[in-house]
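Comments concern the structure below.
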Amino acid sequence: MATTIEFNLGDIAPINTKANSSDEALCFACGRKLGKNAFHFEVSTDWTLIDPNKTNEDSQGCFPVGQECAKKFASNLLVKIGA
């Protein structure tokens, strides 16, 4: 089964309101609880996806996404924090 990429460099990043307002580790795409090996995407201050492997002066930071939702992102946009 082919995976369709929904999120590429420069796209507006997903922001799940539940994940954004929770103290729990939740996926920013779907709001479900994260496992131990979550991926992270980085956004600029206008919430567009940026390359996490470059120095980004206007970075808003990195936000977690679960294993299933990670399949919706271009692979160059995801990193594992602490890996």
Checklist outcome for this item: Residue count, segment 45-82, condition assigned to a strand (DSSP E or B) and of a type in the set (Asp, Glu), comes to 0
Checklist entry - Is it the case that segment 66-79 has a residue that's surrounded by 13 or more Cβ atoms within 10 Å (Cβ to Cβ) and among the acidic types (Asp, Glu)? => result no
Checklist outcome for this item: Residues of segment 45-65 being loosely packed, with under 15 Cβ neighbours inside 10 Å and of a type in the set (Phe, Trp, Tyr), in sequence order, are TRP47
Checklist outcome for this item: The condition from (1) assigned to a loop (DSSP other than H, G, I, E, B); (2) crowded, with 18+ Cβ neighbours inside 10 Å; (3) not small (Gly, Ala, Ser) that GLU42 misses is numbered (1)
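Select from segment 16-39 the residues that are in a loop (DSSP other than H, G, I, E, B), in contact (Cβ under 8 Å) with a residue 12 or more places away in the chain and either among the polar types (S, T, N, Q) or on the phi < 0 side of the Ramachandran plot (or both) and list them in ascending order. Steps first, please.
First, pick out the residues of segment 16-39 that are in a loop (DSSP other than H, G, I, E, B): 16, 21-25, 27-32, 34-38.
Restricting the remaining residues to those that are in contact (Cβ under 8 Å) with a residue 12 or more places away in the chain gives 16, 25, 27-32, 34-35, 37-38.
Hits for segment 16-39 are ASN16, ALA25, CYS27, PHE28, ALA29, CYS30, ARG32, LEU34, GLY35, ASN37, ALA38.
Bear in mind these aren't lab numbers, they're just calculated from the coordinates by the rules spelled out. Just so you know, these numbers come straight off a predicted model, no measurement behind them. When we count neighbours, we look across all protein chains shown, and the Cβ atoms used for this are built from the backbone with ideal geometry, even at glycine.
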